[in-house]
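Student: Let me begin by handing over the structure; questions about it come next.
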Amino acid sequence: MSPYKKNNTKKNVAQRTYNETKVEDGFFILLYQNESNKIQRVSREINSDIIQFHFCLKGSSKFNFNSGKYALDIFEENSLLLYNPQQELPLNLEINFKSWLITILIPIKKFHSLFSQEADYITFLSDDNKDKKYYKDGKITPSMAIILYQLINYNLNLSIKNLYFKGKAYELLSLYFNRNEDTNVEQCPFLVDETNVAKIRNAKDIIISRMAEPPSLKELADEIGLSLKKLKEGFKQIYGDSVYSFLFEYKMEVSRKLLESGDYNVTEVGLKVGYSTASHFISAFKKKYGTTPKKYIMSLSS
C-alpha cells in the first residue's frame, strides 16, 4: 500500500489552502497556506525512505512527533530537513494562522541519483551516514524564496504543472545545497588569529551600515587596519564571497523585504539600498531574481 494518502488534491476551508502535487512516483510537493485566524492541523503518512524538506515562507509551524511528546518549530524564512531511515516520520503539523509552508518529499534513491557525484559533499549521503537519521535547519536565501513564491503563485496551464513543479523542485534543491561549508580553521592560519577575524567582521558591519554609500576597498582596509590583500582573502574565507558580492546579496535581500512591506515604492527602495536611479535598481534586482521589482510585488498580491 502506498504511504501517500492524497495526490494532486486541493482543499479550501475557511481561508485554508492545502495543495498536493505528485511530481512522479514517490516525489511530492505540498503547499499549505493558512490565512485564517486559527491554527490548522495536517496529518500525513510518510515512509522511512523519504527525505523531507520543509520551507516556511510566512508565519510559523510546529512538527509534532511521538503523539505530541516531542515537537520542532519552524519559523518564517527558515527551512527544515528531516530524514530517518530507522523509523517513519509521519507529518503531524500545526500550521499557525497567517502562515505558509512548502514541503518537498522525495525518496532517498531518487535523491541519491540526483547527487551521486556529490555524495561525499552532502553529509547524510556519505557511506558513514547514509543509514543514520539526519536533521538540519537553516535560513531560506533570497534566491530560494523566489522559487517558493513561484510555486505558491503558480498560474500556468494545468497540463504543464507537474513539469513546472519538478523543475522548480530541482532548482530549489540545488540552491539548498549550494552553501559554503564552514571554514576549516586548522587549514586556515588567517582565522586562527582572533584579531584578524574581529577586523573582518567589523568590515562586514561597516559595509552593511553604509550600504547606500559604501567605502572603497582601500578605504575599508585602512579603516579596519588590514592590508587590502588580507581584507580580500579574509572576507572570502569567513563569508565565502568577495566584499562587494556579499554587499550586493545583502542589498538585494533588504530590498526584497522592503518591497514586501508595502511601505515604499520601487524608487524609494532603490535609494535606501544605494541606487541613485530606479533603472539601476531595477536592473540589479532583475539580475538577482530574474524578475523586476514591480512584477515581484504583483506576484505577492496575486
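Student: Could you check residue 46 against (1) within 16 Å of the chain's Cα centre (by Cα); (2) not in a strand (DSSP E or B) and say which number it fails?
Tutor: (1)
Student: Give the residues of the stretch 246-277 that are part of a helix (DSSP H, G or I), over 19 Å from the mean Cα position of the chain (by Cα) and crowded, with 17+ Cβ neighbours inside 10 Å, sorted by residue number.
Tutor: Of everything in the stretch 246-277, those that are part of a helix (DSSP H, G or I), over 19 Å from the mean Cα position of the chain (by Cα) and crowded, with 17+ Cβ neighbours inside 10 Å turn out to be 266, 269, 270.
Student: Mind checking which helices (runs of 4 or more DSSP H) fall wholly inside the stretch 190-245 and carry at least 2 residues that are of a type in the set (Asp, Glu)? It would help to see each step written out before you state the result.
Tutor: Values: elements: 194-209, 217-224, 228-239.
It comes to 194-209, 217-224.
Student: A further question follows. Can you tell me which condition residue 289 does not meet? The list is (1) within 24 Å of residue 206 (Cβ to Cβ); (2) under 22 Å from the mean Cα position of the chain (by Cα); (3) buried (at least 16 other Cβ atoms within 10 Å of the Cβ), and all the others hold.
Tutor: It is condition (1) that residue 289 fails.
Student: Let me ask you something else. Just to be sure, is residue 94 charged (D, E, K, R) and surrounded by fewer than 18 Cβ atoms within 10 Å (Cβ to Cβ)?
Tutor: Spelling it out, it is not the case that residue 94 is charged (D, E, K, R) and surrounded by fewer than 18 Cβ atoms within 10 Å (Cβ to Cβ).
Student: Could you tell me whether residue 122 is at pLDDT below 90, in contact with a Pro (Cβ under 8 Å, 6 or more places away or on another chain) and among the hydrophobic types (A, V, I, L, M, F, W, C)?
Tutor: no
Student: If you go through the stretch 29-39 one residue at a time, do you hit one that is touching a Leu at 6+ places or on another chain (Cβ under 6 Å) and among the β-branched types (Val, Ile, Thr)?
Tutor: No, every residue in the stretch 29-39 fails to be touching a Leu at 6+ places or on another chain (Cβ under 6 Å) and among the β-branched types (Val, Ile, Thr).
Student: Can you name the number of the only condition in (1) under 22 Å from residue 139 (Cα atoms); (2) at pLDDT below 90 that residue 30 fails?
Tutor: (2)
Student: Take residue 235 and tell me if it is under 18 Å from the mean Cα position of the chain (by Cα) and within 16 Å of residue 197 (Cβ to Cβ).
Tutor: Answer is no for this residue.
The values are calculated or read from the model by the stated rules, or taken from the named source; none is laboratory data. Values in this document were obtained by computation on a predicted structure and should not be read as measured data. No Cβ is skipped: glycine too gets one built from the backbone with ideal geometry, and neighbour counts run over all protein chains shown.
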